[in-house]
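The values are calculated or read from the model by the stated rules, or taken from the named source; none is laboratory data. Just so it is clear, the structure is predicted and the values come from calculations on it, not from any experiment. We place every Cβ from the backbone using ideal geometry, glycine too, and count neighbours over all the protein chains shown.
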Amino acid sequence: MSDYYYYEPQHGHGLPHNPLNAIIAPRPIGWISSIDAEGKVNLAPYSFFNAFCYEPPIIGFSSGGPKDSQQNIAATGEFVFNLVTKKHAAAMNETSFPFEHGINEFEQAGLTMTSSRLVRPPRVTDTPVAFECKLLQMLPLKDLDGKATPNTVIFGQVVAVHIDKAFLKEGLFDIVAAGTVGRCGYLADYVEVKELFQMARPGE
């Protein structure tokens, strides 16, 4: 029988680092571009990010505190998800630095911007995929006691999609060829998707 390490989060985990980030992994990275009410651009990565449904296509990310992305999206109602790949990993990491408001992270990381079609925030020029999104809901998170936490989940509906045709193989997006990167926690752990395996669902 396995010997399990047990803890209750309210009393602390007792380990060198919180294991949650390493266990819930790999996580897709929400590389979010946004603009403020004055048109100043921001680009920041969020590893608490995912897709939530197909129809309509809804994605979301959690912001730990009212950072620039959250404030910008609240002001304008728009953002863009940019896919992070191994090619962009260093630049993505650079944009995680807490620059002062108004600093253009595209410029700081040596990235170029391309205009979006249906929203105002730009997208990363050479990302294999970008989703233009409009804000659906900002959900402040509370704990079991009803106390407010510093975290807010931001949900957006995808209104336009850009996919580099070089990574469409027989109509399917090739995440291996793209070099898609995921966050694995602890402090600096990431993974590049290099291999897939298939399992058909029962009945399909």
Matching residues, region 144-199, being closer than 26 Å to Leu118 by Cα, of a type outside the set (Gly, Ala, Ser) and not in a strand (DSSP E or B): Asp164, Lys165, Phe167, Asp174, Ile175
The conditions are (1) touching a strand residue (DSSP E or B) at 6+ places or on another chain (Cβ under 6 Å); (2) within 25 Å of Thr180 (Cβ to Cβ), and Thr149 fails exactly one of them. Which is it? (2)
Does region 112-129 contain at least one residue that is more than 20 Å from Asp164 (Cα to Cα) and loosely packed, with under 14 Cβ neighbours inside 10 Å? no
Quick one: what pairs do we get from region 176-191, first residue touching a residue at least 60 places away in the same chain (Cβ under 8 Å) and on the phi > 0 side of the Ramachandran plot, second small (Gly, Ala, Ser) and in a helix (DSSP H, G or I), C-beta under 6 Å, 6+ apart or different chains? Gly185/Ala22
Do the conditions hold for Gln157, that is, is it over 26 Å from Val191 (Cα atoms), touching a residue at least 12 places away in the same chain (Cβ under 8 Å) and surrounded by 13 or more Cβ atoms within 10 Å (Cβ to Cβ)? yes
Could you please give the count of residues in region 1-39 that are loosely packed, with under 10 Cβ neighbours inside 10 Å and among the aromatic types (Phe, Trp, Tyr)? 3
Can we say Phe167 is surrounded by 10 or more Cβ atoms within 10 Å (Cβ to Cβ), closer than 28 Å to Gly64 by Cβ, among the aromatic types (Phe, Trp, Tyr) and modelled with pLDDT of 95 or more? no
Quickly run through region 56-103 and pick out the residues that are closer than 29 Å to Lys194 by Cβ, part of a strand (DSSP E or B) and among the polar types (S, T, N, Q). Ser62, Asn82, Thr85
Considering only region 14-29, I want to know if a residue exists there that is touching a Pro at 6+ places or on another chain (Cβ under 6 Å) and either among the hydrophobic types (A, V, I, L, M, F, W, C) or within 23 Å of Ser116 (Cα to Cα) (or both). yes
I need the full set of residues from region 49-69 which are surrounded by fewer than 18 Cβ atoms within 10 Å (Cβ to Cβ) and in contact (Cβ under 8 Å) with a residue 40 or more places away in the chain, in order please. Phe52, Pro56, Pro57, Ile58, Gly64, Gly65, Pro66
When you check Glu78 against the structure, is it closer than 26 Å to Pro56 by Cβ, of a type in the set (D, E, K, R) and in contact with a strand residue (DSSP E or B) (Cβ under 6 Å, 6 or more places away or on another chain), yes or no? yes
Just to be sure, is Asn42 crowded, with 23+ Cβ neighbours inside 10 Å and either out of contact with any strand residue (DSSP E or B) (no Cβ under 6 Å at 6 or more places or on another chain) or closer than 17 Å to Thr112 by Cβ (or both)? yes
For region 178-204, which positions are under 27 Å from Pro16 (Cα atoms), at pLDDT 90 or above and surrounded by fewer than 10 Cβ atoms within 10 Å (Cβ to Cβ)? none
Pick from region 27-55, criterion in contact with a Phe, Trp or Tyr (Cβ under 8 Å, 6 or more places away or on another chain) and either of a type in the set (Gly, Ala, Ser) or not in a strand (DSSP E or B) (or both), ranking: nearest to Glu105 (Cα to Cα): Ala44
